[in-house]
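Some notes on the structure that comes next.
The values are calculated or read from the model by the stated rules, or taken from the named source; none is laboratory data. Just so it is clear, the model here is predicted, and its values are computed rather than measured. Reconstructed Cβ throughout: ideal geometry from the backbone, glycine too, with neighbour counts over all protein chains shown. For accessibility, only protein heavy atoms count, side chains too; no ligands or nucleic acids. Shrake-Rupley method; radii C 1.70, N 1.55, O 1.52, S 1.80 Å.
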Amino acid sequence: MARGEEASQRAKDIFMANLRSRHTESQEGFKQVFTLASDAINQEISGAATTAVVAKILESPMGKFALVGSVGDCRAYLLRDGKLRLLTEDDSIIPKDVSGKIDSALKISDLEDEDWGYFDSRNKITQSLGGEELENIHVVRQPLKDGDKLVLTSDGVHDNLASSEIQAAI
């Protein structure tokens, strides 16, 4: 097994073991599990790293909601009323406005000349689990309605499909 796979497996094990806890029902508690996974990878699998996106569905007196967290370039989308919306933020070296153009391009020729330089850098990330200290674990609290769908993807999906293609596939 490659080190990246080992790091992914270790992170998954830590998330599965900890997400059932009531402690992870707050955004801060949820973030702590990401830190726990990153620290474990650093200590146990030298030089390995992984990215992650995790969602936990909860019920409150106000209704259902999801806590969604991410580190790296894995993503979470919300499909509501036929419209796909990105919930997470990539830890990418690419500026957000350019990233949005790349995501919506159906073919490479749809990109403007100034965006070409960024296209090959779309997988370069600024943080990961097992990498250097986590600076910003992205966690959002998303209210849910009946019929909503959460879609969690790795970069292998959104690097190869435009947002409209992901939406159509769902």
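If you go through region 55-71 one residue at a time, how many are without any contact (Cβ under 8 Å) to a residue 60 or more places away in the chain and within 14 Å of Leu134 (Cβ to Cβ)? Steps first, please.
Step one: filter region 55-71 for residues without any contact (Cβ under 8 Å) to a residue 60 or more places away in the chain, giving 56, 58-61.
Checking which are within 14 Å of Leu134 (Cβ to Cβ) leaves us with none.
Number of matching residues: 0.
Quick one: would you say Thr50 is in contact (Cβ under 8 Å) with a residue 24 or more places away in the chain, touching a Leu at 6+ places or on another chain (Cβ under 7 Å), open to solvent by 50 Å² or more (accessible area, probe 1.4 Å) and of a type in the set (S, T, N, Q)?
When the stated conditions are applied, Thr50 does not pass them.
A quick yes/no check of all residues on (1) part of a loop (DSSP other than H, G, I, E, B); (2) open to solvent by 10 Å² or more (accessible area, probe 1.4 Å); (3) closer than 17 Å to Val139 by Cα; (4) polar (S, T, N, Q):
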| residue | (1), (2), (3), (4) |
| --- | --- |
| Ser8 | no, yes, no, yes |
| Ala11 | no, no, yes, no |
| Ser38 | no, no, yes, yes |
| Ile57 | no, yes, yes, no |
| Val68 | no, no, yes, no |
| Tyr77 | no, no, yes, no |
Which condition breaks for Ile94 when tested against (1) at pLDDT below 55; (2) surrounded by 12 or more Cβ atoms within 10 Å (Cβ to Cβ)?
(1)
Considering region 51-75 alone, what residues qualify as being over 11 Å from Leu150 (Cα atoms) and within 8 Å of the chain's Cα centre (by Cα)?
Thr51, Ala52, Val53, Gly69, Ser70, Val71, Gly72, Asp73, Cys74
Residue pairs, Cβ under 9 Å, 6 or more apart or interchain, first in region 134-146 and farther than 13 Å from Val33 by Cα, second open to solvent by 40 Å² or more (accessible area, probe 1.4 Å) and polar (S, T, N, Q). List them.
Glu135/Thr126; Asn136/Thr126; Val140/Gln27; Arg141/Gln27
